[in-house]
Amino acid sequence: MKHLSKEKKQHLLLVVLGTLVILAGIWFGLVKWQQGRIHKLAAERNATQVELDSMTDTLERSAKIAKETEAQLKELERAESQMASGDLYAWIYNTVRGVKARHPNVDIPQYSTILVGETTLLPKFPYQQASMTIAGKAFYHDLGAFVADLENQLPYVRVQNLEIDPAPATEGGYTEKLAFRMELVTLVKPNA
């Protein structure tokens, strides 16, 4: 550089500065813009991958959910097949008689009429309910076993308003018997 003239040095310096300006322009104009674009595309790709993974997971779970739904529908159909239908008085009478057969010391001579209406269990419940009041006599433990058997064997029947009083002494002489009165409420099969 020492043997170059002043004018040649200035031209060389201008060429170097011009080259640096052009390189800086290329860097900031093209390379930085391309890098920004690459980062933006990578972020979009990651977001799309997360969405795809979520959709894939949902599709995999949908088969499991469909199987569970089908099993629950079968269970519902099985439960509905055991619900009260047809002649509701006869259905409740026969059901109580069937449970009573396992409890011979429970005497139920009184059955009231059936009342059918909207369910009081839950609002907007898709089933109607039928209720009947029954009354009779039994020993304390026999009555407890009868009520437990009735509610455990028939999950869609519930006992409510159970009233227990001492039974009047009869000529046979059992004074330990109780007079009971209870309301049986059962769900009614839809479209029955």
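The values are calculated or read from the model by the stated rules, or taken from the named source; none is laboratory data. This is a predicted model, so every value here is computed, not measured. Glycine gets a Cβ as well: all are built from the backbone with ideal geometry, and neighbour counts include every protein chain shown.
The table for this structure:
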{"item": "Per-region count, the stretch 111-146, residues free of Cβ contacts under 8 Å to residues at least 40 places away in the same chain and more than 23 Å from K189 (Cβ to Cβ)", "result": "6"}
{"item": "Of all residues making up the stretch 148-176, the number that are modelled with pLDDT of 85 or more and either loosely packed, with under 12 Cβ neighbours inside 10 Å or over 27 Å from P123 (Cβ atoms) (or both)", "result": "11"}
{"item": "Number of the condition not met by Q110 [criteria: (1) in contact with a Gly (Cβ under 9 Å, 6 or more places away or on another chain); (2) modelled with pLDDT of 90 or more]", "result": "(2)"}
{"item": "Residue in the stretch 95-102 that is touching a helix residue (DSSP H, G or I) at 6+ places or on another chain (Cβ under 8 Å), part of a loop (DSSP other than H, G, I, E, B), modelled with pLDDT of 90 or more and surrounded by 11 or more Cβ atoms within 10 Å (Cβ to Cβ) present", "result": "yes"}
